[in-house]
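To start, the structure itself, in structure tokens.
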Amino acid sequence: MLCSPALFEWIQAEPALGDRVRFSFRQVEIFWAIMTTGSVTKAAALLKTSQPTVSREIARFEHVLGLKLFERTQARLQPTAQGLSLFEEVKTSYYGLERIHNAAQSIKNFQTSLSIACLPAFSQSLLPYVCGRFINAYPDVNINITPQESPLLEEWMTAQRHDFGLTENSETPAGTRCENVFTGDEVCVLPPNHPLCSKKVITPQDLASINMVSLSGQDPYRIILDRILTDAQVKCRTVIETHSAAAVCFFVQQNVGVGIINPLTALSFADQTVCMRRFSVSIPFSINLITPLYRPQTSVATSFINELKLCADDLHQQLRTLLA
């Protein structure tokens, strides 16, 4: 129980002998319970004690203070004007205690929560893998993942809105630091019975007249791929365009065509009837970690980032093994 400065004026009474007598916080708590519930019976139930104890302690409280806080009428306690005045101070103290409790809870929640902004592809490939391992070690942590495309993602990080962000953009947004955590190349995904699955490396020439499931025409990786095919004088048939690498894989699963996508999404489908092969021309793919400069990094965020880097290394090794 915490008391306001004004309430502390009541803590010391001046008996006739001049000795100072302090009342207990338990007595204040009992007084508050009686005033709040309206009866000794309910106060005893609230405080998990007996009615005689409540009656005895409130009588001692009145004696120490030299105040008559209640009128006793027909075994009931009716607050006096003095009792009501004191209760105003006690309420202030309890409200202050509640504010401290709420503040502590907020601090605790801040320490056990994690806010991540990322490109949509990472919420479907990298982060599920990381979270699966992290939550086993930190079961009480709440993780909020917000998928967002660039450049809004970078704007959010500049505004210090998240503990960290994951992007493919290598430029460092204002008010942040940027660190590379994964580098690889785009890969080719094919239906499992496709003739090209017999090859370890797919070339642009292999894609001639092949049905393609492609990212949208404005996607940076699609633009690079189109340039590679044009330089190789290869014409393929784009039968499906979509904004999502995961969607490309779903179409590939249904034998719609062949796709060129990022290696992490491809890896997440590699055991789901999708064949993954190297592409002979490098289309670089990277993941960069953005951390805000002016948002304190919690121990939870630090631990998650460490796990993220370990997982990125593991995934890189898995890719090397599967594409060997």
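Read the figures in this text as sums done on the coordinates, not as results from a lab. On a predicted model such as this, the values are computed, not experimentally measured, just so you know. Don't worry about glycine lacking a Cβ; one is built from the backbone with ideal geometry, like all the others, and counts go over all protein chains shown.
Note on the range 119-137: residues that are surrounded by fewer than 17 Cβ atoms within 10 Å (Cβ to Cβ) and assigned to a loop (DSSP other than H, G, I, E, B) total 0. Exactly one residue out of GLN218, GLN297, GLN318 is without any contact (Cβ under 8 Å) to a residue 24 or more places away in the chain and either of a type outside the set (Asp, Glu) or surrounded by fewer than 16 Cβ atoms within 10 Å (Cβ to Cβ) (or both), and it is GLN218. Taking the criterion of being crowded, with 18+ Cβ neighbours inside 10 Å and either among the β-branched types (Val, Ile, Thr) or out of contact with any Leu (no Cβ under 6 Å at 6 or more places or on another chain) (or both), the residues of the range 30-46 that qualify are ILE30, PHE31, TRP32, ILE34, MET35, VAL40, ALA43, ALA44.
Apart from one condition, ILE260 fits all of (1) within 28 Å of ARG320 (Cβ to Cβ); (2) touching a His at 6+ places or on another chain (Cβ under 9 Å); (3) surrounded by 18 or more Cβ atoms within 10 Å (Cβ to Cβ); the exception is (2).
Figure legend. Inter-residue proximity from the range 116-127: first residues in contact (Cβ under 8 Å) with a residue 24 or more places away in the chain and charged (D, E, K, R), second residues surrounded by fewer than 23 Cβ atoms within 10 Å (Cβ to Cβ) and not in a helix (DSSP H, G or I), beta-carbon distance below 9 Å, spacing 6+ or different chains. No pairs are indicated. Evaluation of ALA174 against the conditions (1) surrounded by 15 or more Cβ atoms within 10 Å (Cβ to Cβ); (2) in contact with a helix residue (DSSP H, G or I) (Cβ under 6 Å, 6 or more places away or on another chain); (3) without any contact (Cβ under 8 Å) to a residue 60 or more places away in the chain shows that the sole unmet condition is (1).
In the range 150-201, what count of residues is obtained for those that are among the hydroxyl-bearing types (Ser, Thr, Tyr) and in contact with a Gly (Cβ under 7 Å, 6 or more places away or on another chain)? Looking only at that region, the number is 1. Residues that are out of contact with any Phe, Trp or Tyr (no Cβ under 7 Å at 6 or more places or on another chain) and in contact (Cβ under 8 Å) with a residue 12 or more places away in the chain were ranked within the range 92-102; the one that is surrounded by the most Cβ atoms within 10 Å (Cβ to Cβ) is SER93.
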